[in-house]
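The values are calculated or read from the model by the stated rules, or taken from the named source; none is laboratory data. Because the structure is predicted, anything quoted here is derived from the model rather than measured. Quick reminder, even Gly has a Cβ in these numbers, built from the backbone with ideal geometry, and neighbours come from all protein chains shown.
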C-alpha cells in the first residue's frame, strides 16, 4: 500500500526548512569553525573568524539571516517508489510554493536574488523562485528531502575540468583553489566530485557539500581508507597555501574537504570543485505521511563565548564625511578601521547603469565626489530594524566599472569583500583611493552599525537599488591602500607554508 504524502506537508516543510537554515548554522560547522578559531595564529584571520562566530550566534538569537545573500534554494529529493503525492501539480511547482512562502514570511523575509531571463533583462522574480530541484527515485515508501541555500559568491567559484586519466586530481584542485581568490568567503568547505560525466561530476560535488563534517574526527584518528587519506591530504595542502579566513592570510582556509566518486569512461577523469562559504546552510527531513517535518534548533552552548573588542592601539576611527585623499594616504594595507558617517551602496546593476550613463553623457542620480560606496544588497528590514542583514558582496565583480568611476566621478572609497584585480589595484593607487573589506559571513553583525537607510536612486532595482546608509563604528580592514599594497597578497604570502 502506498504512503500518501500531502502536498501541503511538503510545502510547509520546505518553507520551514529554508527559514530554519537562514539563521541556524549546522552544529558540525560551528564545531569545526570554533576549533579553527582556537588554533588560528593570524590576528586578522582570527578576528574574521570571531566576527563570523559572533554573527552566527546573533542570527541564532535574533532569528535573522546569517548572510544578506540568502541564496538560491537547492532541493535534493529521494522519493520512495511506494509513495505518492496527493496533488496533480508538477513536483517543481509544489517545491517552488514552499520556496515562495519561505522568502515571503513576514517574521523573517529573505532576500530575493533570483533573476529570470539570465541573458537579457535579468529581472528579479521577487520571491526567489524557481528553485533548483534534483529528484531520485529510490526503494521505500518515504520522501527524504535535503534543503540547501547556496549563495552567489561561493557558487560563482565552481570549477569543472575533464582531466586525463593519469593527471593528478590533487594538483588540479590546489591550482584552482590558489586562483579562486576569497570571493567564496572562507573558511568553508570544499565539495569534490570525481567521475561520471560533466553533469554528474558537478552534482556529486554539490551533494558532497551536504555530507556531515568529520575532519576533526579524521585528523584525530587518522584515515581508514584511501578516500579519507586523499581528503586529509587535500585539506592539509589547501590550508598550507596560507589564504586564510576571508583571504587575509592564516592557517585555515577550509574546515573540511568532502569527496564523492562515480564510475566513469576509461578515457576520462571528470573532476568538479564547488566551495561552500561560511554561510553553510542546509538541513534534511523525511516525510512518511504523518504530517510536516519538525525542526529542532541546535544547542546555544555550541557557540564559543567571544567578545569583540576594538583595541585603541590597533584600530583607527574614521569619519567618512569630509574625508580627503590626504587622510587616506596615511592608511596601510591591513589597518583596522571603525568608520562612521554617510556611505552609498551599489552593486553590479547599479555600477553598469552608472557607467552607461557616463558613456551617454547623462548626469548621474548621485554625486560620488569624496564618497564611499559599499557593495551590498541588504535584506529587507522587519519591525524595529533600520535595515536587515547587510554584509558585503564580492568586489571583483565591480572591477570592470571601477577605473571609470574613480577617474570620472571623484569616488574615494570602496567597501566589499575579497580581492581586486591587478588593473583595479593599479587604478586605486593611481587615484590615491582605497578599498576596504568588511567580513563576509557577518551580515547581521554589520547591520547593527547601520543607523539609517534610504533609497536615493534606482528604486526599481530592488535589492540592487542605491541606498545611503549612515553608519557608526562599522568595522573594516584596509585591503588595498593608496600605494597599491593589497592585504590579499601580503597576508597569504606571510602565512603560506613552505613545508
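A few remarks follow.
- Remark: pairs (first residue in region 105-126, on the phi > 0 side of the Ramachandran plot; second residue surrounded by 18 or more Cβ atoms within 10 Å (Cβ to Cβ) and modelled with pLDDT of 95 or more; Cβ separation under 6 Å; 6+ apart in sequence or on different chains) = 126/112.
- Residues located in region 60-75, provided they are surrounded by fewer than 20 Cβ atoms within 10 Å (Cβ to Cβ) and part of a helix (DSSP H, G or I): 61, 62
- Qualifying residue in region 290-306 (condition: in contact (Cβ under 8 Å) with a residue 40 or more places away in the chain, more than 24 Å from the chain's Cα centre (by Cα) and assigned to a helix (DSSP H, G or I)): no
- Residue match in region 480-497 (condition: touching a helix residue (DSSP H, G or I) at 6+ places or on another chain (Cβ under 6 Å), within 23 Å of residue 350 (Cα to Cα) and surrounded by 16 or more Cβ atoms within 10 Å (Cβ to Cβ)): yes
- Of the criteria (1) without any contact (Cβ under 8 Å) to a residue 60 or more places away in the chain; (2) more than 25 Å from residue 391 (Cβ to Cβ); (3) part of a loop (DSSP other than H, G, I, E, B), which one residue 171 fails: (3)
- Residues in region 452-463 that are crowded, with 19+ Cβ neighbours inside 10 Å and at pLDDT below 95: 1 in all.
- Residues of region 198-228 satisfying the condition of being surrounded by fewer than 18 Cβ atoms within 10 Å (Cβ to Cβ) and either without any contact (Cβ under 8 Å) to a residue 24 or more places away in the chain or over 27 Å from the mean Cα position of the chain (by Cα) (or both): 199, 217, 219, 220, 221, 222, 223, 224, 225, 226, 227, 228
- When 38, 86, 117 are screened for being in contact with a strand residue (DSSP E or B) (Cβ under 6 Å, 6 or more places away or on another chain) and exposed (fewer than 15 other Cβ atoms within 10 Å of the Cβ), only 86 passes.
- Test result for residue 444, surrounded by 24 or more Cβ atoms within 10 Å (Cβ to Cβ), part of a helix (DSSP H, G or I) and either without any contact (Cβ under 8 Å) to a residue 24 or more places away in the chain or in contact with a helix residue (DSSP H, G or I) (Cβ under 7 Å, 6 or more places away or on another chain) (or both): yes
- Residue 130 falls short on exactly one of the conditions (1) under 25 Å from residue 200 (Cα atoms); (2) assigned to a helix (DSSP H, G or I), and that condition is (2).
Rundown of residues vs (1) part of a helix (DSSP H, G or I); (2) modelled with pLDDT under 95; (3) within 15 Å of the chain's Cα centre (by Cα); (4) closer than 17 Å to residue 186 by Cα, yes/no style:
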position	(1), (2), (3), (4)
19	yes, no, no, no
32	yes, no, no, yes
49	yes, no, yes, yes
52	yes, no, yes, yes
58	yes, no, no, no
79	no, no, no, no
89	no, no, no, no
92	yes, no, no, no
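- Annotation note: of 283, 315, 264, 253, the sole residue that is surrounded by fewer than 21 Cβ atoms within 10 Å (Cβ to Cβ) and under 19 Å from the mean Cα position of the chain (by Cα) is 283.
Each row is one residue, and each column tells you yes or no for (1) at pLDDT 95 or above; (2) touching a strand residue (DSSP E or B) at 6+ places or on another chain (Cβ under 6 Å); (3) assigned to a loop (DSSP other than H, G, I, E, B).
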position	(1), (2), (3)
213	yes, yes, yes
231	yes, yes, no
241	yes, no, yes
257	yes, yes, no
262	yes, yes, no
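- Residue list for region 34-44, restricted to those being modelled with pLDDT of 95 or more and part of a helix (DSSP H, G or I): 34, 35, 36, 37, 38, 39
Yes/no per residue for (1) touching a helix residue (DSSP H, G or I) at 6+ places or on another chain (Cβ under 9 Å); (2) more than 22 Å from residue 470 (Cα to Cα); (3) modelled with pLDDT under 95; (4) not in a loop (DSSP other than H, G, I, E, B):
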| residue | (1), (2), (3), (4) |
| --- | --- |
| 368 | yes, no, no, no |
| 387 | yes, no, no, no |
| 392 | yes, no, no, no |
| 403 | yes, yes, no, yes |
| 407 | yes, yes, no, yes |
| 420 | yes, yes, no, no |
| 428 | yes, yes, no, yes |
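- Some residue of region 86-98 being under 25 Å from residue 277 (Cβ atoms) and in contact (Cβ under 8 Å) with a residue 60 or more places away in the chain: yes
- Any chance residue 207 is in contact with a strand residue (DSSP E or B) (Cβ under 8 Å, 6 or more places away or on another chain) and at pLDDT 95 or above: yes
- Here residue 273 does not qualify as crowded, with 16+ Cβ neighbours inside 10 Å, more than 27 Å from the chain's Cα centre (by Cα) and over 24 Å from residue 55 (Cβ atoms).
- Taken together, 354, 358, 343 contain a single residue that is outside any loop (DSSP other than H, G, I, E, B) and touching a strand residue (DSSP E or B) at 6+ places or on another chain (Cβ under 6 Å), which is 343.
- Among the residues of region 477-489, those that are within 15 Å of residue 245 (Cβ to Cβ) and assigned to a helix (DSSP H, G or I) comprise 487, 488.
- Residue match in region 42-59 (condition: crowded, with 24+ Cβ neighbours inside 10 Å, farther than 27 Å from residue 496 by Cα and in contact with a helix residue (DSSP H, G or I) (Cβ under 7 Å, 6 or more places away or on another chain)): yes
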